[in-house]
1. Would you point out which residue out of 184, 235 is outside the structural domain of residue 20 (by TED's automatic domain parsing) and within 25 Å of the chain's Cα centre (by Cα)?
2. Residue 214 passes all but one of (1) closer than 22 Å to residue 136 by Cβ; (2) without any contact (Cβ under 8 Å) to a residue 40 or more places away in the chain; which number fails?
3. Give the stretch 196-222 a look and list any residue that's assigned to a loop (DSSP other than H, G, I, E, B) and buried (at least 21 other Cβ atoms within 10 Å of the Cβ), or say none.
4. Got at least one residue in the stretch 144-155 being over 20 Å from residue 304 (Cβ atoms), in a loop (DSSP other than H, G, I, E, B) and under 15 Å from the mean Cα position of the chain (by Cα)?
5. So is residue 225 buried (at least 23 other Cβ atoms within 10 Å of the Cβ), within 27 Å of residue 88 (Cβ to Cβ), of a type in the set (A, V, I, L, M) and assigned by TED's automatic domain parsing to the domain that holds residue 41 or not?
6. Specify which of the listed residues (172, 225) is assigned to a helix (DSSP H, G or I), in contact with a strand residue (DSSP E or B) (Cβ under 9 Å, 6 or more places away or on another chain) and more than 28 Å from residue 55 (Cα to Cα).
7. Hey, does the stretch 307-327 have a residue that's modelled with pLDDT of 95 or more, of a type in the set (Val, Ile, Thr), in contact with a helix residue (DSSP H, G or I) (Cβ under 9 Å, 6 or more places away or on another chain) and buried (at least 16 other Cβ atoms within 10 Å of the Cβ)?
8. Which residues, counting only those in the stretch 317-359, are more than 25 Å from residue 141 (Cα to Cα) and in contact (Cβ under 8 Å) with a residue 40 or more places away in the chain?
Amino acid sequence: MSDIRADALIIGAGLSGAVVAARLAEEGVSVVCLEQGMKHQREDYRGRQDDWEITALGPWHASPNVRRGPADYPINDEDSVMKPLMFNGVGGSTILYGAHWMRFFPSDFRVRTLDGAADDWPITYNDLAPYYDRTDIAFGVSGIAGDPAYPAFPDYPMPPLPINVWGEKVAAGHSKLGWHWWPGSNAIASRHYEGRNPCVQRSTCGYGCNEGAKASVDLTHWPAAERAGAKLITGARVSQITHDSHGRATGAIYSDRSGTQYRVVANVVILAANAIGTPRLLLLSHSARYPNGLANGSGLVGKRLMMHPFTRVVGFFDEPMETWQGHWGQSLYSLEFAETRPDLAFIRGAKWNLGPSGGPLHAAMFSNGKN
């Protein structure tokens, strides 16, 4: 078995893996990243093609159980009301995400103190604020700062994308009710930005951006990471995290597309394989020392999964709304019910975001609850 050596091994070339790879490589750390998927080109995405809605229900679906690509693995979600939305490939789920760009509230970090639910975070909003600001620039966010529902923060690097006809309609309804709304902030370019093109409002962002307008990390971070010396290995399916006699992680074993096995030896191992893939690899990495999996002394690895709850409602209007076009992130958002309100019979709340429905097939499928 051939050995590859590095200061840091990263498993997963999605959002967190890309950011860490770029930061470390730019500081002179030797980095190897293993990604079980491949790197896609803009021409691979189907948004410019007539069959984009059909392929979005199959090979470009957000669920690996539907997509069933060579880089995917099945996930048993039969007993869950929430289904996984994830993508295996360079860029990870940023290839398919809608790129609407929101910050947590200060109260989100103190839910136990304020509402007696869940747990407080060990950090505060103010601890994260400088990193929020830095990330807005790195990802190239379009929007308008100054929303009174949030603490003040710097202007976004680009002006907002249009709210379009449906945005004007819904904004008027919110204003009539006296409800909060604000123009949407999105990690989608509204003008040329650091090699990215402006959004053409095709409304196919959720299945890969042909224009390079959406801030997926294959565009925003991996080029910089590789220029700084990071080595990105695709088609690398990791089977085990290795460790030494003291229990310290020392690297990983992976197989390439031909089935040939390799070993990466590193001083530091960083798992960035999303909320499902990361515990999956830890549990696979059992040994005589760790019969229940690596880093699983608590027995909680793979349990208490926290995902991002997401649902969609499609509205129908008598007049044309032109929702076959637009950006897939958010035209506007409302935080009217985002915080705990004493007059309502639940704690915490929900944020909602307005976006286009896409083409006619999407509208029909969503209204029937089949997508």
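The values are calculated or read from the model by the stated rules, or taken from the named source; none is laboratory data. Predicted model, so just to flag it, every value in this text is computed and none were measured. Neighbour counts are summed over all protein chains in view; Cβ atoms, including those assigned to glycine, are modelled from backbone coordinates with ideal geometry.
1. It is 184.
2. (2)
3. Answer for the stretch 196-222, where residues must be assigned to a loop (DSSP other than H, G, I, E, B) and buried (at least 21 other Cβ atoms within 10 Å of the Cβ): 199, 203, 204, 208, 209, 210, 213, 215, 216, 221.
4. No, every residue in the stretch 144-155 fails to be over 20 Å from residue 304 (Cβ atoms), in a loop (DSSP other than H, G, I, E, B) and under 15 Å from the mean Cα position of the chain (by Cα).
5. Spelling it out, residue 225 is indeed buried (at least 23 other Cβ atoms within 10 Å of the Cβ), within 27 Å of residue 88 (Cβ to Cβ), of a type in the set (A, V, I, L, M) and assigned by TED's automatic domain parsing to the domain that holds residue 41.
6. 225
7. no
8. 317, 320, 321, 340, 347, 348, 359 - these are the residues of the stretch 317-359 that are more than 25 Å from residue 141 (Cα to Cα) and in contact (Cβ under 8 Å) with a residue 40 or more places away in the chain.
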